[in-house]
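Right, one structure below, let's go through it.
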Amino acid sequence: MIYKFAPKANYEDFASGRVLYHMQGFTNFPVRLICEVFMRCFSLINKPSAVVYDPCCGSGYMLTVLKFLYGSHIDTLIASDVSEEAVNLTKKNFGLLSHAGLDMRKEQLQDLHTRFKRDSYLEAIKSAERLKGLICEGAFESLVFKRDTLVDKSDCKADLILCDVPYGIKTAWSGEGDDFINRMLDNVWDNLNAVGVAAIFSDKKQKIITEKYKRAEKVLIGKRKFEIYVKLK
Ligand SMILES: C[S@@+](CC[C@H](N)C(=O)[O-])C[C@H]1O[C@@H](n2cnc3c(N)ncnc32)[C@H](O)[C@@H]1O
């Protein structure tokens, strides 16, 4: 894949579990790919800043990374997941998106270093300091809630939906039946503003068939693919 927007860079400050919180069972995601897909979507909405929603947010990793790296393009983060544990972890990660949050995290890491003497904690403190330099001044809102995105309705509204759906390796769809990916897209259509864009990361087996969106892009990368859809009226 040719990257049009996201530079090749060292993204180790975003390694899951280093400064950003991680728990066993939660998935990671390549930072450069998140950035590229976000910017491809952002370029379609023609707004100075966007409300971005992840309806299968897991640890909130994707949104947290995006807010650090593209803070001025994002005024609101919305995240939901069927799992209470995921909701709580996302809240902790969103809590890092401020100077105060990162100072608290640095204290935690310092305390861990005092107890366990591992150099990795000192490296993480340096990462937290660098992340502080990325914090965007100015108002920013976030909303995190529990939702079964196949079934539950929500009145939240976003400009962009970014979603790394379950592939069945570390995480599986929760819910009865099949055709999960299309049921989710159908259900979140209401959550997009009129000029709304949805980017879905999935494995190759899950096929999107929809009349509510127009496909703008489909790109295969290794075992994954991403598809970008524009909302139809
Ligand atoms: C691949 S992970 C998402 C990773 C996430 N994008 C991140 O940044 O960490 C998939 C998530 O989908 C959630 N999920 C599974 N079924 C769901 C459903 N019916 N409604 C909402 N979330 C669901 C799982 O709990 C899991 O957290």
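The values are calculated or read from the model by the stated rules, or taken from the named source; none is laboratory data. Everything numeric here is computed off the predicted structure, so don't read it as measured data. Glycine gets a Cβ as well: all are built from the backbone with ideal geometry, and neighbour counts include every protein chain shown. For accessibility, only protein heavy atoms count, side chains too; no ligands or nucleic acids. Shrake-Rupley method; radii C 1.70, N 1.55, O 1.52, S 1.80 Å.
Filtered by the rule that a residue be more than 17 Å from the chain's Cα centre (by Cα) and open to solvent by 80 Å² or more (accessible area, probe 1.4 Å), the stretch 132-145 gives Glu137, Ala139. Looking across the stretch 159-185 at every residue that is open to solvent by 10 Å² or more (accessible area, probe 1.4 Å) and of a type in the set (Asp, Glu), the one that is modelled with the highest pLDDT is identified as Asp164. Could you check Glu129 against (1) open to solvent by 10 Å² or more (accessible area, probe 1.4 Å); (2) farther than 21 Å from Lys92 by Cα; (3) not hydroxyl-bearing (Ser, Thr, Tyr) and say which number it fails? Here Glu129 clears every test but (2). Note on the stretch 161-185: residues that are more than 9 Å from the ligand (Cβ to nearest atom), within 24 Å of Leu66 (Cβ to Cβ) and not in a helix (DSSP H, G or I) total 1. Of the listed requirements (1) open to solvent by 30 Å² or more (accessible area, probe 1.4 Å); (2) part of a loop (DSSP other than H, G, I, E, B); (3) within 26 Å of Leu232 (Cα to Cα); (4) hydrophobic (A, V, I, L, M, F, W, C), Cys156 misses just one: (1). Tyr70 fulfils the conditions (1) among the aromatic types (Phe, Trp, Tyr); (2) buried (at least 19 other Cβ atoms within 10 Å of the Cβ); (3) more than 18 Å from the chain's Cα centre (by Cα) except for a single criterion, (3). If the condition is being loosely packed, with under 15 Cβ neighbours inside 10 Å and of a type in the set (S, T, N, Q), then the stretch 79-105 contributes only Ser98.
Working carefully through the options Leu77, Leu89, find the one that is under 23 Å from Ser127 (Cβ atoms), of a type in the set (A, V, I, L, M) and over 12 Å from the mean Cα position of the chain (by Cα).
Leu89
Which numbered condition trips up Val188, out of (1) assigned to a loop (DSSP other than H, G, I, E, B); (2) open to solvent by less than 60 Å² (accessible area, probe 1.4 Å); (3) within 11 Å of the ligand (Cβ to nearest atom)? Result: Val188 passes all but (1). Only helices (runs of 4 or more DSSP H) whose full extent lies in the stretch 15-118 are considered here, and the ones with at least 3 residues that are under 22 Å from Lys4 (Cα atoms) and away from the ligand (no atom under 13 Å from the Cβ) are 31-45. Taken residue by residue, the stretch 54-66 has no member that is open to solvent by 20 Å² or more (accessible area, probe 1.4 Å) and without any contact (Cβ under 8 Å) to a residue 60 or more places away in the chain. With respect to the stated conditions, Asp148 fails to be touching a residue at least 60 places away in the same chain (Cβ under 8 Å), surrounded by 18 or more Cβ atoms within 10 Å (Cβ to Cβ) and of a type outside the set (Gly, Ala, Ser).
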